[in-house]
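First comes the structure, then the notes that go with it.
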Amino acid sequence: MIVTLLLAMGASFLLTLVLGRFVIAELRKLKAGQEIRKEGPSWHAGKAGTPTMGGVMFIIGSGVVAFLMGWEAMQRGEFAHLYVYFFALIFGLIGVVDDYRKIRQHQNEGLTAKQKFILQLAAAVMFLSLMRYEGLLTNALYIPFANITVEINWILYLIFAAFVIVGCVNAVNITDGIDGQSSSVTFVVMVFFTAAAAKWELLPLALFPAALAGGLAAFFCYNHHPAKVFMGDTGSLFMGGAVAALAFAMDMPLILLFVGIIYILETLSDIIQVVYFKATHGKRFFKMAPLHHHLELSGWSEAKLVTVFSGVTLLFCVLAWIGIQGRSY
């Protein structure tokens, strides 16, 4: 199994790397340049015009590899990896619409928050219902480290799960703010899910995170500072969908508290900033939110941020790995 997963990762890396050449060229032809937030760090202005929507390269790369290498499993009637991929793809398509509107309107705002929320919530409910129908999702909440499960009423679980998914997807989106950050952090998370699925011998389910890890590593080659391309909401929403879907497909959503620590910290910094700003009538808790902008303004380079955030994610993924050792699938 290990060899198969390494092959999936390597194949996706190479395919995405090759696709990147064509994708970036086409995005330049389409003049799909990124609009930069005026309220962001002043030095980010130089990134204006960098091609966006580059996430399509790892979306295609990981999808092709997961489909081809999962062919035998599909012949046996095992489709969990495809369900997860297509769920993430729905979020990626929401991102495509969002990115397209930004490009067409030449501004950093696409779909409204309400439009995104409704589309994402509908996608989450459909995915959860499908997984439940296929017998791939239970309403038993697994608690890491304690190694116990708590049965929850299905309707309550559905509500809980849908909002966790939407929250996770948007948290990953918020993390995509500097060159290479979101792809490097999520690469580590995908390696964790690959290892977890392999531990429980869920080969078809392990194929997708392995392929996505390879795709993200290839994307990082184009996206590290100074970035030649941005993933856009196309890529970040797809990644968020993948992270959330894998957590639920493996019946351990609470593991997101560990593997998603950077996503959580980034989101909390945004919430704290808004609440503090309103409570103090204009004062700011952070120099700028989310957290990566605060650290940038405190003197951290983009390379340092990527290294530290990826390292913190790795540490918490190791903790998560320890937390699931007592579980039998």
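Of the two radii for the stretch 173-329, the radius of gyration is 1.01 times the Kirkwood radius, both from the alpha carbons; that is the Rg over Rh value.
Relative contact order (percent) for the chain, with alpha-carbon contacts under 8 angstrom and 6 or more residues of separation?
Numbers: 532 pairs, mean separation 90.0, N = 329.
That works out to 27 percent.
Restricting attention to the stretch 51-154, which trypsin sites (Lys or Arg not before Pro) occupy a DSSP loop and are surrounded by at most 13 other Cβ atoms within 10 Å? Walk me through the numbers before you get to the answer.
Numbers: sites: Arg76, Arg101, Lys102, Arg104, Lys114, Lys116, Arg132; in loops: Arg76.
Those satisfying the criteria are Arg76.
Local charge for Pro204 was computed over the other residues whose Cβ lies under 13 Å away, with Lys and Arg +1 and Asp and Glu -1, and equals -3.
Shown in residue order for the stretch 13-18 are the 3J(HN,Hα) couplings computed by the Karplus curve 6.51 cos²θ - 1.76 cosθ + 1.60 at θ = phi - 60°: 4, 5, 5, 5, 4, 5 Hz (x for Gly and Pro).
From the protein chains alone at 1.4 Å, what is the descending order of accessible area for Phe160, Phe285, largest first? Numbers along the way, then the final one.
On the way: Phe160 70, Phe285 115 Å².
Result of the area sort, largest leading: Phe285, Phe160.
For the stretch 205-329, the share of accessible area belonging to carbon and sulfur comes to 72 percent (1.4 Å probe, ligands and nucleic acids excluded). Which percent of the accessible area of the stretch 117-166 is formed by carbon and sulfur heavy atoms (probe 1.4 angstrom)? On the stretch 117-166, the fraction of accessible area on carbon and sulfur atoms equals 73 percent. With all protein chains kept in place, the per residue accessible area of the chain amounts to 45 square angstrom at a probe of 1.4 angstrom. Between Phe145 and Met1, the modelled label-to-label distance comes to 2.6 nm, taking each label 7 Å out from Cα in the direction of the beta carbon.
Between the Cα long axis of helix 181-199 and the first principal axis of the chain there is an angle of about 0°, rounded to the nearest 10. If I fit a long axis through the Cα atoms of helix 80-105 and take the longest principal axis of the Cα atoms of the chain, what angle between them do I get, 0 to 90°, rounded to 10? Approximately 20 degrees, to the nearest ten.
Between His281 and Leu297, the modelled label-to-label distance comes to 2.1 nm, taking each label 7 Å out from Cα in the direction of the beta carbon.
Computed log10 I(q)/I(0) for the stretch 283-329 at 0.22 Å⁻¹: -0.77, from the Debye equation with unit scatterers placed on every C-alpha and solvent omitted.
Could you tell me which of the pairs Lys114/Lys283; Lys228/Lys287; Lys102/Lys278; Lys29/Lys287 are separated by over 31 angstrom between their Cα atoms in the structure shown?
Details: Lys114/Lys283 27 Å; Lys228/Lys287 28 Å; Lys102/Lys278 28 Å; Lys29/Lys287 37 Å.
Beyond 31 Å: Lys29/Lys287.
Using only Cα atoms, find the angle between the long axis of helix 232-249 and the longest principal axis of the chain, and express it within 0 to 90 degrees, rounded to the nearest 10. Taking the Cα atoms of the chain, the angle to 232-249 is about 30 degrees.
The 1.4 Å probe gives accessible areas that order Ser62, Ser328, largest first, as Ser328, Ser62.
The values are calculated or read from the model by the stated rules, or taken from the named source; none is laboratory data. These numbers come from a predicted model, not from an experiment. Glycine also receives a Cβ, built like all others from the backbone with ideal geometry; neighbour counts cover every protein chain displayed. Please note that ligands, DNA and RNA were not included when accessible areas were found on the heavy atoms of the full protein model with its side chains. Shrake-Rupley method; radii C 1.70, N 1.55, O 1.52, S 1.80 Å.
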